[in-house]
1. So the check is Cβ under 8 Å with 6+ separation or different chains; which pairs have a first residue in the range 22-49 that's within 22 Å of residue 117 (Cβ to Cβ) and a second one that's among the acidic types (Asp, Glu)?
2. Considering only the range 103-120, state which residues are in contact (Cβ under 8 Å) with a residue 12 or more places away in the chain, under 15 Å from residue 8 (Cβ atoms) and of a type outside the set (Asp, Glu).
3. Could you run through the range 28-47 and say how many residues are closer than 17 Å to residue 77 by Cα and polar (S, T, N, Q)?
4. Please determine whether any residue of the range 82-100 is under 16 Å from residue 16 (Cα atoms), modelled with pLDDT of 95 or more and within 12 Å of the chain's Cα centre (by Cα).
Amino acid sequence: MEVPILKQGRYLIATIQAALSDEDLLHLRRALLERVIQFRSRGVIVDVTALDVMDSFATRTLRDITYMIRLRGADTVIVGIQPEVAFAMVQLGLTLEGVATALDLEEGLAHLERRARSSS
């Protein structure tokens, strides 16, 4: 399943709309990196609101996306982790250590704006 990636000014927004296979997650990782380079994006938001489960591969892939994009000079924020998903992740010992998270898209954009102002 293709994840839509929208360009909003200097940011990219990827909205995951349904559960993704491992292959889909790897495709998303590749597509985001390519677009960060193509558009010289300063930040990426990955919206996971529609996900009702995040397994270890999805968690690790989201963390890897963040680290890879950081190496390209951009920030990443994961938004929309549902309470039940957060609870299950903690119970399973899955973490997004070193990854910025926010409640929703609006908070994610605000986080990226603050980071952009502080690095100028």
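1. 42/75; 43/75; 44/75
2. 105, 108, 109, 111, 112, 116, listed by residue number.
3. Adding up the residues that qualify gives 1.
4. Checked the range 82-100: no residue is under 16 Å from residue 16 (Cα atoms), modelled with pLDDT of 95 or more and within 12 Å of the chain's Cα centre (by Cα).
The values are calculated or read from the model by the stated rules, or taken from the named source; none is laboratory data. Here the structure is a predicted model, which means the values were calculated and not measured. In this analysis, Cβ positions are derived from the backbone assuming ideal geometry, glycine residues included, and neighbour counts consider all displayed protein chains.
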